[in-house]
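Right, one structure below, let's go through it.
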Amino acid sequence: MKHFLRVVTQFFVFLYCKCLWRGLKFVTRKFTGRCELQRICYSNKPGARRTLKIESSLRYSKYELLRSALSVHPDQVEKTIDDIMALKKINPDTNPQLSVSLQASLLQIVGYRSLMAEVEKLRREPYDSENTEHESMLMKLWKELRPDTPLTGRISKQWCEIGFQGNDPKTDFRGMGLLGLQNLSAADSAQTECSDPEIVAHRLLFPSRYSFAIVGINITDLAYSLLVSGALKTHLYNVAPEMAGLQHFQQIFCYLMQEFQRFWIEEDPSDIMEFNRVRSKFHRRILRQLKNPDMALCPHFSASDLHLVNL
């Protein structure tokens with residue numbers, strides 16, 4: 001029965017998308033004198049509301065040019081917009097702002113895809129102890145977290161002091177690769193500059209409550225899942241005027257780290273065994289927030305700022 005209902009639902013959705021929806025668009029265009037892209041741009045302010053609707057319109061268009069626009073190279077965005085304007089028979093002289101709005105939104109769309117590819121590349125790059133650049137980043141992290149404590153050796157139990165699970169941090173990076181190490185460095189800088197008295201006071205108990213390194217890698221996984229699921233489109237389309245970059249992802253990660261620490265304090269778990277429960281609950285809260293198309297996780301900072309201070 002459930003399978004039958006699912007099939008029926010899918011059929012009506014297909015019927016709506018292929019027939020009724022396109023018919024409605026045709027009638028609306030004849031009535032208003034504007035195509036769907038014009039109506040979206042003129043009735044929605046810049047940001048996620050506009051860009052998400054434009055993205056949906058392009059994806060389900062009957063024209064190959066519009067559907068393929070979602071995956072064009074950033075250098076081809078301007079030409080693609082000109083081609084769309086010509087296809088839709090829109091006069092750029094009488095609609096000068098439309099071209100600008102479409103270009104900004106399309107740059108956000110292709111920028112999100114580009115950011116996903118960049119993040120995925122870092123995630124798939126394994127930590128290599130033979131790579132001097134990787135080792136240098138790891139040693140720098142130790143010095144920033146334990147400036148007054150020399151590391152006795154590359155393989156050492158001291159790594160547990162900053163939250164790694166064993167004598168060699170390399171093993172903890174297996175899931176998130178180099179992305180995890182880069183995010184830990186960014187989070188350390190952000191937490192160092194944080195002046196929230198509750199966070200600062202709690203940080204004194206940090207090692208005994210949960211481990212910085214392994215939590216950072218876990219939150220990297222959370223941020224990554226938000227990115228690949230598309231949930232972060234709401235935030236990035238609202239804060240990045242055009243193409244989002246890796247710095248935006250690191251900013252989001254730093255925000256999640258600080259918010260998770262506050263959330264951990266609020267939940268007041270009895271021990272580290274409750275970590276997965278708290279993380280899942282925190283994940284659900286972030287997803288609920290991102291369902292609001294006007295939501296920006298960290299709206300008080302410029303797009304280039306990685307240090308989430310005094311949030």
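The values are calculated or read from the model by the stated rules, or taken from the named source; none is laboratory data. Just so you know, these numbers come straight off a predicted model, no measurement behind them. Quick reminder, even Gly has a Cβ in these numbers, built from the backbone with ideal geometry, and neighbours come from all protein chains shown. SASA here: full protein model, heavy atoms, side chains in, ligands and nucleic acids out. Shrake-Rupley method; radii C 1.70, N 1.55, O 1.52, S 1.80 Å.
With charges set only on the Cβ (+1 for Lys and Arg, -1 for Asp and Glu), what does the dipole of region 72-175 come to about its Cα centre, in debye to the nearest 20?
Values: 14 positive and 17 negative charges, 57 e Å.
The calculation lands at about 280 debye.
Could you give the Stokes-Einstein D for region 129-291 in µm² per second, using the C-alpha Kirkwood radius, 4 °C, 1.567 mPa s? Working shown, then result.
Working: Rh = 16.7 Å.
My calculation gives 78 µm²/s for D.
Please report the net charge: other residues with Cβ closer than 10 Å to the Cβ of His134, K and R +1, D and E -1. The partial results should precede the final answer.
Details: positive: Lys170; negative: Glu125, Asp128, Glu130, Glu133, Glu135.
Overall, the nearby charge balance is -4.
What does the charge count around Gly166 come to, taking other residues whose C-beta lies under 14 Å from its C-beta (Lys +1, Arg +1, Asp -1, Glu -1)? Let's see the in-between values first.
Details: positive: Arg154, Lys157, Lys170, Arg174; negative: Glu161, Asp168, Asp172.
My count for the surroundings of Gly166 gives +1.
Output ³J(HN,Hα) for region 163-174: one whole-Hz value per residue in order, computed from phi by the Karplus curve 6.51 cos²θ - 1.76 cosθ + 1.60 with θ = phi - 60°, and x for Gly and Pro.
x, 7, 8, x, 6, 10, x, 3, 5, 6, 8, 4
For region 113-176, what is the Kirkwood estimate of the hydrodynamic radius, computed as the reciprocal of the mean inverse distance between distinct Cα atoms, to one decimal in Å?
On the way: mean 1/r = 0.0773 Å⁻¹.
Answer for region 113-176: a Kirkwood hydrodynamic radius of 12.9 Å.
Between Gln76 and Met139, what FRET efficiency comes out of the Förster formula 1/(1 + (r/R0)^6) with R0 = 45 Å and r the beta carbon distance, rounded to 0.05? Show your work: numbers first, answer last.
Values: r = 42 Å, r/R0 = 0.93.
The computed FRET efficiency comes out at 0.60.
With θ taken as phi - 60° and the coefficients 6.51, -1.76 and 1.60, list the Karplus ³J(HN,Hα) couplings across region 130-138 in order, rounded to whole Hz; mark glycine and proline as x.
Running phi through 6.51 cos²θ - 1.76 cosθ + 1.60 with θ = phi - 60° gives 8, 8, 5, 5, 5, 5, 5, 4, 5 Hz.
If I compute solvent accessible area with a 1.4 Å probe over the protein chains, what percent of it on region 20-177 is carbon and sulfur?
Details: 4670 of 9080 Å².
Carbon and sulfur together cover 51 percent of it.
Highest mean first, what order results for 215-226, 287-298, 166-177 on Cβ atoms within 10 Å?
By packing density, highest mean first, the sequence is 215-226, 166-177, 287-298.
Quick one: Cα centre-to-centre distance for region 98-131 and region 233-277, in angstrom?
19
For region 227-241, take each phi angle, set θ = phi - 60°, evaluate the Karplus expression 6.51 cos²θ - 1.76 cosθ + 1.60, and give the result in whole Hz per residue in order, putting x for glycine and proline.
Karplus-based 3J(HN,Hα) across region 227-241 equals 5, 5, 7, x, 4, 7, 4, 3, 5, 5, 5, 8, 10, 9, x Hz.
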